[in-house]
Amino acid sequence: MFRRIALAISLLVLASPAVMAAGKLSVTKVAEINTDAATLWALVGNFSGLHAWHPAAKSTDMTGDGTKVGDKRVLTLGDGGKINETLEGLDNARRVQSYTITESPLPVENYHSTITVTAAGDKKSMFSWTSTFDPKGETPDADAVNAISGVYDGGIKALTERFP
């Protein structure tokens with residue numbers, strides 16, 4: 001298991017060095033999900049469909065179809081907050097998607113993120129979500145890291161419950 005996680009993180013770093021070079025803080029979450037990589041990627045690789053799997057996102061409004069670099073989405077959260085994001089990279093063959101947050105109520109700025117899905121055996125996948133960012137304003141580093149960790153943990157929990 002540890003070797004798979006290390007491999008997934010290594011592939012992620014190699015796949016997106018620009019993303020990893022951005023902010024001073026980072027969060028990486030990796031989880032084994034009980035479904036094949038193609039099924040998982042069809043769900044999480046859909047830039048226009050985060051609301052279909054992440055419990056914090058209630059809807060997604062798109063500029064573009066979510067398949068081209070520069071396409072934009074606005075996520076509406078359960079409390080009515082909005083997160084504006086831009087697709088920075090999408091490689092369906094390698095199952096890698098990267099994006100930036102351009103405006104958000106989250107206590108971070110200069111946020112760059114990558115989602116990666118890799119096969120991990122028969123009907124199992126490794127899901128990796130990583131980001132670099134800076135704390136917004138006077139936000140303590142720990143608060144910024146905890147906010148992003150909470151977002152990732154919520155998404156991973158929803159995926160593991162969806163694919164038990």
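The values are calculated or read from the model by the stated rules, or taken from the named source; none is laboratory data. These numbers were taken from a predicted model, which means no experiment stands behind them. Cβ sites come from the backbone with ideal geometry, for glycine too, and all protein chains shown count toward neighbours.
Across region 115-144, the number of residues qualifying as of a type outside the set (S, T, Y) and under 14 Å from T28 (Cβ atoms) comes to 5. F127 fulfils the conditions (1) crowded, with 20+ Cβ neighbours inside 10 Å; (2) over 13 Å from the mean Cα position of the chain (by Cα) except for a single criterion, (2). Among the candidates T102, T114, T86, the residue that is in contact with a strand residue (DSSP E or B) (Cβ under 6 Å, 6 or more places away or on another chain), surrounded by fewer than 16 Cβ atoms within 10 Å (Cβ to Cβ) and either part of a loop (DSSP other than H, G, I, E, B) or β-branched (V, I, T) (or both) is uniquely T102. The test for being among the acidic types (D, E), more than 16 Å from the chain's Cα centre (by Cα), under 19 Å from L159 (Cβ atoms) and surrounded by fewer than 18 Cβ atoms within 10 Å (Cβ to Cβ) does not hold for D79. Within region 31-51, residues that are without any contact (Cβ under 8 Å) to a residue 24 or more places away in the chain and of a type outside the set (A, V, I, L, M, F, W, C) have Cβ atoms under 7 Å from residues that are assigned to a loop (DSSP other than H, G, I, E, B) and buried (at least 17 other Cβ atoms within 10 Å of the Cβ) in these pairs: N46/G66, counting only partners at least 6 apart in sequence or on another chain. All of G121, G137 fail the test of being modelled with pLDDT under 95 and more than 14 Å from the chain's Cα centre (by Cα), apart from G121.
Residues in region 1-32 that are under 14 Å from the mean Cα position of the chain (by Cα) and either modelled with pLDDT of 95 or more or assigned to a loop (DSSP other than H, G, I, E, B) (or both): 7 in all. Within region 40-50, does at least one residue satisfy the condition of being surrounded by 14 or more Cβ atoms within 10 Å (Cβ to Cβ), farther than 17 Å from I115 by Cα and not acidic (D, E)? No. Consider D61 carefully, then state whether it is in contact with a Lys or Arg (Cβ under 9 Å, 6 or more places away or on another chain), over 28 Å from D141 (Cα atoms) and surrounded by fewer than 18 Cβ atoms within 10 Å (Cβ to Cβ). It is true that D61 is in contact with a Lys or Arg (Cβ under 9 Å, 6 or more places away or on another chain), over 28 Å from D141 (Cα atoms) and surrounded by fewer than 18 Cβ atoms within 10 Å (Cβ to Cβ). Scanning region 135-161 for residues that are surrounded by 13 or more Cβ atoms within 10 Å (Cβ to Cβ) and part of a loop (DSSP other than H, G, I, E, B) returns K136, T139.
Inside region 33-77, residues that are on the phi > 0 side of the Ramachandran plot and part of a helix (DSSP H, G or I) make up a count of 0. Look at region 98-117: where a residue is more than 16 Å from Y152 (Cα to Cα) and a partner is surrounded by fewer than 21 Cβ atoms within 10 Å (Cβ to Cβ) and β-branched (V, I, T), sitting 6+ places away or on another chain with Cβ atoms under 7 Å, you get T102/T86.
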